[in-house]
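Right, one structure below, let's go through it.
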Amino acid sequence: MDSNQKPRRNIEDIRSRYRGAQTAKPKLTTSQPSMPRPAKELPKPLPIEIKPMGKINLNEPSLVNRSLPAYLDEKDSTRKPSILPIKKTKREKKEKKEKKKWSKKKKVVSTILSILLILGVIVAVFGANLLSKLDKVVHGNLFSDASAFLNTQPLKGESSGRVNILLAGNSADDVGHNGADLTDSIMIVSIDTTTHNAFMLSIPRDLWVDIPTMGHQKINAAITVSDFSSPGYPSNGMGQLEQIIQTQLGIPINYYVLIDYAALRDAANAVGGISVNIQSSDPRGLYDPSIDFTTNGPLVKLSNGWHTLNGQQALDLARARGDAYGSYGYELSDFARTQNQRLMLVALAEKAKSTGVVTNPIKITSLFSAFSNNVQTDMTLNNVLRLAQITKPIDLNAIQSEGFSYAGDNPLLIGHVDPASGQDALVPSLGVDNFTALTQYYEQLTSKNPVVREGANVVILNGSDKTGIASVEGDKITAAGYTVANVGSAGSKYSGTMIVDMSDGKKPATLAGLKNYFPGSVVQLSDLSTQAKEAQNYTSADFVVILGQNWNSAPSK
């Protein structure tokens, strides 16, 4: 063996030694405890050399159009350092825009599906027949229905705060009824969309008007015009009727509803009858012995007080006007009938809104059936839904029931016999075709001015030596909305100005206003003063103002 070469170890000797190392166990003694291993020494941190940043060039391309970090903003020292925003690539912007568009489309699709689902639920609960009947009235379909539920639009007239609906009724369904095509009932339902108040104003069917293609006729004949066409109005008869009311009577109309009388009968039956409170001027109530051919009994016989009427009884009451011999309770004939019609419409609306009807699928379907077969309108489903929204807060019991007066000291209408045709009709008390007072009455009902709404008649008398002061002061308060019925000279001279209240305190707003214009004492008709006695000559007045010697001038307001 070479002396420089290391000896090779035996393989078996190495293996035996390795096995012994793996199996041998360390021997522990209590006399020599094991010492803890010394902690490994960490390397020392390398020194860092901090160099000054120097000035920053804000015009450097990499910083252009980027906001400065907060630590470089001298104006805001409280903000934490922020990282400069990374400018997105055109591809990233395009992907984000497309994602946003798809999100909007998903929302629209989701909304449409939701509406269709709602309609589906309605069909499932109430039956497809219900929607078909509704669409028959408003001329709709499934897609227009879905659109209406998605977005209800404002009604015509809503921007001005008032929506007027012309409601007309005829007996076209009654073949044996004379004049079935004529509108026996003409009514305006006026809704204040801001105060949530409403009133119904009846227009007498015998009102003498000028129908362009027919000459002077009763207004109920306008519905028979079959070739009417004018921009802004419905076609045919209802359009002609609407135009006459707007142009001659000065009452704006936004929509119309034409109802066969059978609708009232069927609707009353559908809701289980309607309750009305008869308050006739006759203590016996209402009686019209005209024959009701369905029962062979009197058309109407109702005592004063509450009654629940079925459909036929409601129809009879709507038609009766007490013109048969032996009738009582119908002193004003057709005016009493229109008053009863308004009474029943409110009663029907109250019953239709009751929970027992709304939650009953059979009653709801029957109610829509009554309307679908007997109602025509130019309102769409969108209009109907919006109308339901704006009328929901209205207290039905507070709806005013109005009509143009025919009796009393100062009637708006008087009887008239047409010399050419011999027809009995009604004309304004101011003369044929002079509807000024009727227009003023409508404006009185719709005015926000409490004085105008009270519509009190004021007479001004000159009780001084100054000439013409009654006319001057009358013009001043007329411009402020007061109705001056007469001006003149008092029968004698008076030292002081006085207001005679002949309304018995029923026109408080007018009295307060007059006291403002004419400072002085206020007396009642029951007083024994000479002024009160002189005021008794003006029975149609609500107030008589007598200007005394101390009068200078009313303030201009």
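The values are calculated or read from the model by the stated rules, or taken from the named source; none is laboratory data. These figures come from a predicted structure and were not determined experimentally. Using ideal geometry, Cβ is built from the backbone for each residue, glycine included, and neighbour counts are taken over all protein chains shown.
Brief remarks follow.
- Filter result for the condition that a residue is among the small types (Gly, Ala, Ser) and more than 21 Å from residue 549 (Cβ to Cβ), over 422, 463, 474: 422
- Residues in segment 419-444 that are assigned to a strand (DSSP E or B) and surrounded by 17 or more Cβ atoms within 10 Å (Cβ to Cβ): 425, 426, 427, 428.
- Residue check, residue 290 more than 30 Å from residue 437 (Cα to Cα) and assigned to a strand (DSSP E or B): yes
- Scan of segment 350-362 for residues that are in contact with a helix residue (DSSP H, G or I) (Cβ under 8 Å, 6 or more places away or on another chain) and either modelled with pLDDT under 75 or among the β-branched types (Val, Ile, Thr) (or both), ordered by number: 356, 357, 358, 361
- Residue check for residue 500: modelled with pLDDT of 90 or more and of a type in the set (A, V, I, L, M): yes
- Residue check for residue 515: free of Cβ contacts under 8 Å to residues at least 24 places away in the same chain, outside any strand (DSSP E or B), assigned by TED's automatic domain parsing to the domain that holds residue 465 and farther than 24 Å from residue 479 by Cβ: no
- Set 492, 471: member being in a loop (DSSP other than H, G, I, E, B), assigned by TED's automatic domain parsing to the domain that holds residue 542 and in contact (Cβ under 8 Å) with a residue 12 or more places away in the chain: 492
- Filter pass, residue 429 being at pLDDT 90 or above, outside the structural domain of residue 161 (by TED's automatic domain parsing), polar (S, T, N, Q) and out of contact with any Phe, Trp or Tyr (no Cβ under 8 Å at 6 or more places or on another chain): no
- Segment 210-227 - residue that is under 17 Å from residue 418 (Cα atoms) and polar (S, T, N, Q) and, of those, surrounded by the most Cβ atoms within 10 Å (Cβ to Cβ): 220
A quick yes/no check of all residues on (1) loosely packed, with under 14 Cβ neighbours inside 10 Å; (2) touching a residue at least 40 places away in the same chain (Cβ under 8 Å); (3) under 30 Å from residue 444 (Cα atoms):
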position	(1), (2), (3)
229	yes, no, no
237	no, no, yes
253	no, yes, yes
263	no, yes, no
268	no, yes, no
284	yes, yes, no
305	yes, no, no
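- The requirement of being over 23 Å from residue 209 (Cβ atoms), assigned by TED's automatic domain parsing to the domain that holds residue 164 and not in a helix (DSSP H, G or I) is not satisfied by residue 266.
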